[in-house]
Amino acid sequence: MAILFQLFVVYLLLLLLSFAAPALHPILYTALFLLVTVYVLFTVLVPFGSTLLALTDKLPSPYATLLVVSAGLYYVADVLSLQMKDEGYGAYGQLFQTSMKVVIMTLWLPYITQLIETIHAFIPW
Amino acid sequence: MLNFLQESIAGIIGPFFLLLIMLLIASLVDFFLPAFQKWTRFLLLILILVLLIEPARESFEQIQVITHTIASLFLGMYPLIAAMILASGATFGVLNFQPAMLLFAQGAVVFADKFLLPVLLTALLFDIFTRLVPEIAFTRMADLLRTSLLAFVSAMVAAYSIFITAGGALSWTMNGALNEPLKELIKNNIPVIGSLLTDTLGSIGRYSSGATAYMSIWLLVSIWTVALLPAVRILCIAFLFRWTAAIIEPFSQKEVCGLLDDIGRTLFVLCAISFLLTFAFIYTTIFIVTFIKLMTFGK
């Protein structure tokens, strides 16, 4: 609950900054945003993700971990690239997001190979 | 024995429970990240294909192994049987077993191995590709292949029945009145292949009841059990697939439950083919046992 209040205070601070120092606003916004992102990541998202994964602790397969970790990576990349778009660097944000997608695909690559092998095993000739 | 049974049941059911839990987590992730939905769908399809297709693939492999075993049993016994037929024309006449029917049964086995199983696998591959790339759909093609396979199999079962009734010496000795409700029950409750199943079982029963005169009932029961076990196992796995599809339908993606349903339907057709093989196995085994018994009587 406290984190909602903190986030709102930071938002007000950003609004104030845009009036007080318009020239410095982009760099201050980015710095503050990164700080708050890391804070939120480690106080809310990571504990939530590990709680979610603890549900599937007894399962032998890595699929649940894979799904949750790649969803988290996707979310972080999405938020960061949105911030870059806010500053007018839309193309750079796109690049960031694409490279994160490639990273996620790299995580999945062994399973895709396995999938192709499974389909291949079906073909009897 | 109990441990083995537990392990094999867990090995089959385990992946299905894993899928249920994964669907729960996937729906949570979808709730938080709607933009991630396409990725989740893809991961679930990978999961199904890697984990759940394993029981289906095992069933296919099992059937292939059985066809090869039956074919080699026949090839091994054929010279012996031919020699016996030459040596004892009179004994053979009493029995009214038709060698042509034996040949027909083995032909069915080879036909299943070389034609029916590859076509069924093709149908399954069409289903998988349809679900992976929904824009390019092969649904009708897969359905066409499956229904024509069923037509082939039922035609062959009908041919078996005709052969047996034409033999004349073998008659349905079990109490018909007792049997009818059971047949109706199976026919109505097993989808797709229910009526085929009762017809096949009827033919087998009609055939083997004629053979009870020459062999003990327990030997007959054990032959039946050995022959029917793979078919029953495949039937159970097919039901497991359709049952899971029915359970996950309200809260899963359309492709996921559709793929499970398709695999279940393909396994039902595989079960029909395995009944064909079962029949060939029972016919060959009973033929050999009866013949050997008659030969030793003659001495």
Residues within region A:36-64 that are open to solvent by 30 Å² or more (accessible area, probe 1.4 Å), at the interface with another protein chain (Cβ under 10 Å from one of its Cβ atoms) and either assigned to a helix (DSSP H, G or I) or at pLDDT 85 or above (or both), tallied | 4
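Okay, residues lined up against (1) away from chain A (no Cβ under 13 Å); (2) within 19 Å of the chain's Cα centre (by Cα); (3) open to solvent by 10 Å² or more (accessible area, probe 1.4 Å); (4) among the polar types (S, T, N, Q):
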{"residue": "B:Ala26", "(1), (2), (3), (4)": "no, no, no, no"}
{"residue": "B:Asp30", "(1), (2), (3), (4)": "no, no, yes, no"}
{"residue": "B:Thr40", "(1), (2), (3), (4)": "no, no, no, yes"}
{"residue": "B:His68", "(1), (2), (3), (4)": "no, yes, yes, no"}
{"residue": "B:Leu75", "(1), (2), (3), (4)": "yes, no, yes, no"}
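Examine region A:4-17 for a residue that is within 24 Å of B:Ala35 (Cα to Cα), more than 14 Å from every other protein chain (Cβ to nearest Cβ), in contact (Cβ under 8 Å) with a residue 12 or more places away in the chain and out of contact with any Ser or Thr (no Cβ under 8 Å at 6 or more places or on another chain), and state whether such a residue exists.
Within region A:4-17, the subset within 24 Å of B:Ala35 (Cα to Cα) is A:4, A:7.
Now narrow it down to the ones that are more than 14 Å from every other protein chain (Cβ to nearest Cβ): A:4, A:7.
Restricting the remaining residues to those that are in contact (Cβ under 8 Å) with a residue 12 or more places away in the chain gives A:7.
Right, trim to out of contact with any Ser or Thr (no Cβ under 8 Å at 6 or more places or on another chain) and you get A:7.
Yes, region A:4-17 contains at least one residue that is within 24 Å of B:Ala35 (Cα to Cα), more than 14 Å from every other protein chain (Cβ to nearest Cβ), in contact (Cβ under 8 Å) with a residue 12 or more places away in the chain and out of contact with any Ser or Thr (no Cβ under 8 Å at 6 or more places or on another chain).
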Just give me the residues in region A:65-74 being open to solvent by 60 Å² or more (accessible area, probe 1.4 Å) and either of a type in the set (A, V, I, L, M) or at pLDDT 90 or above (or both), in sequence order.
-> A:Val69
Among the residues of region B:251-258, is any open to solvent by 10 Å² or more (accessible area, probe 1.4 Å), among the charged types (D, E, K, R) and touching a helix residue (DSSP H, G or I) at 6+ places or on another chain (Cβ under 6 Å)?
-> yes
Filter region B:110-120 for residues that are within 12 Å of chain A (Cβ to nearest Cβ) and either within 14 Å of B:Arg265 (Cβ to Cβ) or open to solvent by 10 Å² or more (accessible area, probe 1.4 Å) (or both) and give the result.
-> B:Asp113, B:Lys114, B:Phe115, B:Pro118, B:Val119, B:Leu120
Output the residues belonging to region A:80-125 that are assigned to a loop (DSSP other than H, G, I, E, B) and either surrounded by 12 or more Cβ atoms within 10 Å (Cβ to Cβ) or within 12 Å of another protein chain (Cβ to nearest Cβ) (or both).
-> A:Glu87, A:Tyr89, A:Ile123, A:Pro124, A:Trp125
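Is it fair to say B:Ala246 is surrounded by 15 or more Cβ atoms within 10 Å (Cβ to Cβ) and without any contact (Cβ under 8 Å) to a residue 60 or more places away in the chain? Talk me through it step by step, then tell me what you get.
Values: surrounded by 15 or more Cβ atoms within 10 Å (Cβ to Cβ): no; without any contact (Cβ under 8 Å) to a residue 60 or more places away in the chain: yes.
Taking the combined requirement at face value, the residue does not satisfy it.
The values are calculated or read from the model by the stated rules, or taken from the named source; none is laboratory data. If you're wondering where the values come from, they're calculated on a predicted model, not measured in any experiment. Positions of Cβ are backbone-derived with ideal geometry, glycine not excepted, and every protein chain shown enters the neighbour counts. Please note that ligands, DNA and RNA were not included when accessible areas were found on the heavy atoms of the full protein model with its side chains. Shrake-Rupley method; radii C 1.70, N 1.55, O 1.52, S 1.80 Å.
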